[in-house]
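Please find one structure pasted underneath; my questions will follow.
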Amino acid sequence: MKQGAFRALAVATAMWVAAASAVSQAEPVQTITSGPARAGLLELFTSEGCSSCPPAEVWLSQLAGEARLWKDVVPVAFHVDYWDHLGWADVFANADFSERQRDYASAWKSDRVYTPGFVWNGTEWRGWFEKQPLPATTGEAGLITASISSTGVDVSYTPAGTVSGKIVAHVAVLGMGLERKVTAGENKGRTLTHDFVVLDYQKVAFTAHDGAWTGRAAWRAPKNPASARHALAVWVSTE
């Protein structure tokens with residue numbers, strides 16, 4: 001990643017999360033808007049080739065049934081590719097996602113990455129291993145609006161206060177209820193169910209206009225299996 005992206009990953013206090021909503025193919029345009037309160041972005045770095053990951057993914061999937069989903073917490077699961085050499089190539093894995101995790105580790109002055117690995121608002125979170133609840137989020141971050149059409153998504157952000165630095169948007173298409181039979185590697189013989197899987201991720205440059213920041217992401221066809229249910233997660237950060 002470029003140095004600018006590296007700095008953005010390291011700034012936890014400059015990250016905001018919008019609500020997410022199912023992407024409807026029946027409607028030509030759908031608009032989702034976040035509330036003004038700050039939500040928490042929960043990133044899970046995982047792999048189908050890691051025998052320690054299924055319990056973490058089961059826990060993540062349970063968030064789908066909680067009232068705080070999309071309001072207080074937005075989960076996204078980035079599948080990494082550095083376990084593919086163990087004999088099972090994770091179809092959801094992406095080298096860019098592995099690099100994203102390495103950038104986090106570098107920002108924390110760590111010399112290693114691991115799975116399952118959780119990141120909460122840009123900060124390493126090991127509470128899952130200790131059966132701790134997710135940290136609370138406080139304060140107002142402003143409003144994010146995402147207008148979804150058949151060609152892409154237009155994102156607008158109005159900060160709650162003064163924000164220094166360049167602002168960028170992050171748009172992730174998530175797959176829900178994805179089942180995979182693993183026939184090799186550490187999880188051989190298991191059928192894994194994945195939720196909140198990042199099928200496509202884009203970082204979008206923003207342009208300032210009349211006190212708001214705007215940008216656009218065009219749809220791209222995911223390189224991995226399609227999901228019957230999708231969600232769209234949008235957040236912004238400074239760099």
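Only one residue in Gly122, Gly127 is over 25 Å from Glu239 (Cβ atoms), of a type outside the set (Asp, Glu) and open to solvent by less than 40 Å² (accessible area, probe 1.4 Å). Which one?
Unique residue meeting the criteria: Gly127.
Exactly one condition in (1) within 16 Å of Val76 (Cβ to Cβ); (2) surrounded by 16 or more Cβ atoms within 10 Å (Cβ to Cβ) is not met by Gly177; state its number.
It is condition (2) that Gly177 fails.
Here is a further query. Determine which single condition Ser98 fails, assuming it passes every other condition in (1) under 26 Å from Gly65 (Cα atoms); (2) small (Gly, Ala, Ser); (3) open to solvent by less than 10 Å² (accessible area, probe 1.4 Å).
Answer for Ser98: the failing condition is (1).
Still on this structure, I have one more. I'm trying to understand the selection: among the residues of region 30-89, which are acidic (Asp, Glu) and part of a strand (DSSP E or B)?
Glu43
While we're looking at this one, here's another question. When you scan region 29-44, how many residues do you find that are open to solvent by 50 Å² or more (accessible area, probe 1.4 Å), under 18 Å from the mean Cα position of the chain (by Cα) and hydroxyl-bearing (Ser, Thr, Tyr)?
Total meeting the criteria: 1.
Here's another thing I want to ask about it. Of all the residues that make up region 187-239, how many are among the acidic types (Asp, Glu) and loosely packed, with under 12 Cβ neighbours inside 10 Å?
1
Another question about this same structure. For region 151-165, give me the residue count where each residue is open to solvent by 60 Å² or more (accessible area, probe 1.4 Å), part of a strand (DSSP E or B) and not acidic (Asp, Glu).
Qualifying residue count, region 151-165: 1.
So, one more: Taking the residues in region 75-90 that are out of contact with any Gly (no Cβ under 7 Å at 6 or more places or on another chain) and more than 15 Å from Glu57 (Cβ to Cβ) as candidates, determine which candidate is most open to solvent (accessible area, probe 1.4 Å).
His85
State which residue is surrounded by the most Cβ atoms within 10 Å (Cβ to Cβ) when the search covers only region 45-59 and only residues that are of a type in the set (A, V, I, L, M, F, W, C) and in contact with a Phe, Trp or Tyr (Cβ under 6 Å, 6 or more places away or on another chain).
Restricting to residues being of a type in the set (A, V, I, L, M, F, W, C) and in contact with a Phe, Trp or Tyr (Cβ under 6 Å, 6 or more places away or on another chain), the top hit is Phe45.
The values are calculated or read from the model by the stated rules, or taken from the named source; none is laboratory data. Just so it is clear, the model here is predicted, and its values are computed rather than measured. Here the Cβ is made from the backbone with ideal geometry for all residues, glycine too, and neighbour counts use every protein chain on show. For the accessible areas, the whole protein counts, side chains as well, though only heavy atoms, and no ligand, DNA or RNA atoms are used. Shrake-Rupley method; radii C 1.70, N 1.55, O 1.52, S 1.80 Å.
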